[in-house]
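First comes the structure, then the notes that go with it.
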Amino acid sequence: MESKPPLPPFSEETARQKVRMAEDAWNSRDPARVVQVYTPDTLWRNRAEFPQGRDAVKAFLERKWARELDYRLIKELWAFAGNRLAVRFAYEWHDDSGHWCRSYGNENWEFDDNGLMRRRYASINDLPIAQEQRLFHWPLGRRPDDHPGLSELGL
């Protein structure tokens, strides 16, 4: 049986740890890595898409990161209880024409007893930004520990 600690029920410390682990995985932009933290039958709502299962989520992420270039994400814990986490996030990206966007959103996550995410519900809004308005400037990959989070950036 697969296990992805920390496991529920979450404390504030383990909830924050789980959120940072998710942020790090998504910043890898590696769909094969990212899908390993979801149950095989995971259910999602992401904007107007409803992928079900790891294979559908992997295909979704492949399309996403082919379209959203130079993707950099910050996640922040909003609330937690038992096996559920509420997260807010923002990410910056550009399209193949060089137009930049900052996408803001909220996610609700539910985990199984082994720490795998079985449900992910995301609501996301996009804000076109000029390149000069970008706030996420670290090299592609994991956000450095000393880089400000959403609250510190006033987002």
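The table for this structure:
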item	result
Residue list for the range 77-100, restricted to those being closer than 13 Å to Leu155 by Cβ, touching a helix residue (DSSP H, G or I) at 6+ places or on another chain (Cβ under 8 Å) and among the charged types (D, E, K, R)	Arg88
Qualifying positions in the range 82-93 - of a type outside the set (Ser, Thr, Tyr) and surrounded by 14 or more Cβ atoms within 10 Å (Cβ to Cβ)	Asn83, Arg84, Leu85, Ala86, Val87, Arg88, Phe89, Ala90, Glu92, Trp93
The range 48-69, residues that are open to solvent by less than 60 Å² (accessible area, probe 1.4 Å), within 19 Å of Ser103 (Cα to Cα) and outside any helix (DSSP H, G or I)	Glu68, Leu69
Where Val34 falls short, out of the listed (1) under 16 Å from Asn108 (Cα atoms); (2) surrounded by 14 or more Cβ atoms within 10 Å (Cβ to Cβ)	(1)
Failed item in (1) in a loop (DSSP other than H, G, I, E, B); (2) of a type outside the set (Gly, Ala, Ser); (3) open to solvent by less than 20 Å² (accessible area, probe 1.4 Å), with Ile74 passing the rest	(1)
Flag if Pro128 is part of a loop (DSSP other than H, G, I, E, B) and either charged (D, E, K, R) or open to solvent by 20 Å² or more (accessible area, probe 1.4 Å) (or both)	no
Breaking point among (1) small (Gly, Ala, Ser); (2) surrounded by 15 or more Cβ atoms within 10 Å (Cβ to Cβ); (3) within 21 Å of Asp41 (Cα to Cα), for Ser123	(2)
Residue list for the range 1-18, restricted to those being over 18 Å from Thr39 (Cβ atoms) and of a type in the set (A, V, I, L, M, F, W, C)	Ala15
All positions within the range 79-138 that are under 16 Å from Pro9 (Cα atoms) and either acidic (Asp, Glu) or modelled with pLDDT under 95 (or both)	Glu110, Asp112, Asp113
Scan of the range 3-31 for residues that are acidic (Asp, Glu) and open to solvent by 70 Å² or more (accessible area, probe 1.4 Å), ordered by number	Glu12, Glu13
Some residue of the range 94-108 being within 16 Å of Lys18 (Cα to Cα), open to solvent by less than 50 Å² (accessible area, probe 1.4 Å) and either under 15 Å from the mean Cα position of the chain (by Cα) or among the hydroxyl-bearing types (Ser, Thr, Tyr) (or both)	yes
Filter result (hydrophobic (A, V, I, L, M, F, W, C), in contact with a strand residue (DSSP E or B) (Cβ under 8 Å, 6 or more places away or on another chain) and over 21 Å from Phe111 (Cα atoms)) within the range 37-74	Trp65, Leu69, Leu73
Matching residues, the range 141-153, being open to solvent by 70 Å² or more (accessible area, probe 1.4 Å) and assigned to a loop (DSSP other than H, G, I, E, B)	Arg142, Asp145, Asp146
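The values are calculated or read from the model by the stated rules, or taken from the named source; none is laboratory data. This is a predicted model, so every value here is computed, not measured. For neighbour counting, all protein chains shown are included, and Cβ atoms are generated from backbone atoms with ideal geometry for every residue, glycine included. To get the accessible areas, we keep the full protein, side chains included, count just its heavy atoms, and leave off ligands, DNA and RNA. Shrake-Rupley method; radii C 1.70, N 1.55, O 1.52, S 1.80 Å.
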